[in-house]
Amino acid sequence: MEQFVYIFGQCLGGVAIALGFLSYQMKTQKQILLLQAITTAVFGVHYLMIGAMTGMAMNILGIARTLTYYFRYGKKGGEKIIPVVYAVVLGAVGILTWEAWYSVFVFSGLVIHTLCLAFRNPQKMRKSILVTSPLVLIYDVFTLSIGGIVYETVAIVSSIIGIVRYRKDLVK
């Protein structure tokens, strides 16, 4: 049964990969955020099933964080405090769920990503992935999260595609 749970968890990583790729191809910030919330939920279950507790905890908080940005999008107030509060909470939970020295990579990447999600510009958000995904990728390698490894690699490639695709100076 334990091996089945692990294998099923790795398969859920595949579902998250597909959702994550789609998220970076969305045109608006709200569309990106909605698909990211769903992706994060799937990854939370994935990490739980493969026994990567820091990753699971970071993703559970990531769902709340992403939905906060989704529902706050376009509204005034909290632009500076919300990302800082989530970053501090993520850091604290990262320390509390510490698995090994490589845990620092996942919570550092997600703390930085949290701060970058406050950008109201989809291009800046896509560019932030080029900083945060390599950090999470290191954690995924050490926890043997196949879905995570592929996802972070795909996220980097997808972000680059989105950056190029939505460039304003692109010749038509």
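Of all residues assigned to region 115-135, none qualifies as being of a type in the set (Val, Ile, Thr) and either at pLDDT below 85 or more than 26 Å from residue 72 (Cβ to Cβ) (or both).
Of the residues 153, 114, which single one is free of Cβ contacts under 8 Å to residues at least 60 places away in the same chain and buried (at least 23 other Cβ atoms within 10 Å of the Cβ)? Give the steps one after another, and end with the answer.
Working: 153 fails: buried (at least 23 other Cβ atoms within 10 Å of the Cβ).
Testing whether each residue is free of Cβ contacts under 8 Å to residues at least 60 places away in the same chain and buried (at least 23 other Cβ atoms within 10 Å of the Cβ) leaves just 114.
Examine region 76-95 for a residue that is charged (D, E, K, R), modelled with pLDDT under 90 and closer than 24 Å to residue 42 by Cβ, and state whether such a residue exists. Please lay out each step first, then the result.
Here is the first cut: in region 76-95, the residues charged (D, E, K, R) are 76, 79-80.
Narrowing further to those that are modelled with pLDDT under 90: 76, 79-80.
Imposing the further condition that a residue be closer than 24 Å to residue 42 by Cβ reduces the set to none.
There is no residue in region 76-95 that is charged (D, E, K, R), modelled with pLDDT under 90 and closer than 24 Å to residue 42 by Cβ.
Looking at region 140-149 only, could you name the residues that are under 16 Å from residue 40 (Cα atoms) and either over 13 Å from the mean Cα position of the chain (by Cα) or buried (at least 23 other Cβ atoms within 10 Å of the Cβ) (or both)? Matches in region 140-149: 140, 145, 146, 147, 148.
The values are calculated or read from the model by the stated rules, or taken from the named source; none is laboratory data. What you are looking at is a predicted structure, and each value in this text was computed from that prediction instead of being measured. Positions of Cβ are generated from backbone atoms using ideal geometry, with glycine treated the same way; all protein chains shown enter the neighbour counts.
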